[in-house]
Amino acid sequence: MIYLIYGHQLPVIKKTLKNLVKQCLNGEEINDFNYLRVSSRLELVQDIVFECMSSPLFCEKKVVVVSEPYYLSLDKEKTFLEKDQDYDKLINYISHPRENTDLIFFLEAKSVDTKSNVYKTLSKYGKIMPQEVLTEQMLKNMGMSLFTKRNVSITQEALEELVNKCGDDVAKFTNETNKLCLYKDNLGIDDVK
């Protein structure tokens, strides 16, 4: 199967990627034989297709994760590889993938270029998984869960202040939560300010 995971909150899309890889490998432990991660900025698409076409060694399934697929982004940054890219090979593979290989495109972006031929083929033969922005309530729930796991209590008022300070930046929110957990076991509004 072919997947595209995208969103602008890196921790959210990383978690989705991690869960999807586990699902694709049916709970098998990730190793060098069943998992490969490549960057589109460093590898030609035809080399990625070659990797997908090769049979997995010592395992039933293989997952290939392609990070930074700039050719799917609206903000197409040209790379030194661009002139050598053979997108027709990628499009052909997406429409005729190997059953024992899952290909996952992983893009940190708010939106994708829905007019590109690669995207159109992906949407026809693969699964597009946009990651939504976490709402304020979702961040509060996530924060409460993080504090509870670390045996730290926080007042509702302090949690709301933390969410307001971080906005929709999940990485900043997680980082601030971790710092507060190291600071004190009982957090109030003054600790967050």
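The values are calculated or read from the model by the stated rules, or taken from the named source; none is laboratory data. Predicted model only: the values in this text are computed from it and were never measured. Here the Cβ is made from the backbone with ideal geometry for all residues, glycine too, and neighbour counts use every protein chain on show. Heavy atoms of the whole protein, side chains included, go into the accessibility calculation; ligands, DNA and RNA do not. Shrake-Rupley method; radii C 1.70, N 1.55, O 1.52, S 1.80 Å.
A few points about this structure:
- Which listed residue is of a type in the set (D, E, K, R) and at positive phi, from GLU68, GLU51: GLU68
- Cβ-Cβ under 9 Å pairs, at least 6 apart or on other chains, segment 66-95 side more than 20 Å from LEU36 (Cβ to Cβ), far side modelled with pLDDT of 90 or more and of a type in the set (Lys, Arg): ILE91/LYS120; SER95/LYS124
- When the criteria are applied in full, TYR35 fails the requirement of being open to solvent by less than 20 Å² (accessible area, probe 1.4 Å) and at negative phi.
- Evaluated against (1) under 30 Å from MET53 (Cα atoms); (2) not in a strand (DSSP E or B), PHE106 falls short on exactly one condition, (2).
- TYR6 within 30 Å of ASP169 (Cβ to Cβ), in contact (Cβ under 8 Å) with a residue 12 or more places away in the chain and touching a strand residue (DSSP E or B) at 6+ places or on another chain (Cβ under 8 Å): yes
- Count of segment 1-31 residues which are in contact with a Leu (Cβ under 9 Å, 6 or more places away or on another chain) and either open to solvent by 70 Å² or more (accessible area, probe 1.4 Å) or polar (S, T, N, Q) (or both): 2
- When PHE147 is tested against (1) open to solvent by 20 Å² or more (accessible area, probe 1.4 Å); (2) more than 30 Å from PHE50 (Cα to Cα), just one condition goes unmet, and that condition is (1).
- Checking each residue in segment 109-139 for being open to solvent by 80 Å² or more (accessible area, probe 1.4 Å), touching a residue at least 40 places away in the same chain (Cβ under 8 Å) and either in contact with a Cys (Cβ under 6 Å, 6 or more places away or on another chain) or assigned to a loop (DSSP other than H, G, I, E, B) (or both) picks out LYS110, GLU132.
- In summary, TYR87 fulfils each of the numbered conditions (1) open to solvent by less than 40 Å² (accessible area, probe 1.4 Å); (2) among the aromatic types (Phe, Trp, Tyr); (3) under 17 Å from LEU44 (Cβ atoms) with the single exception of condition (1).
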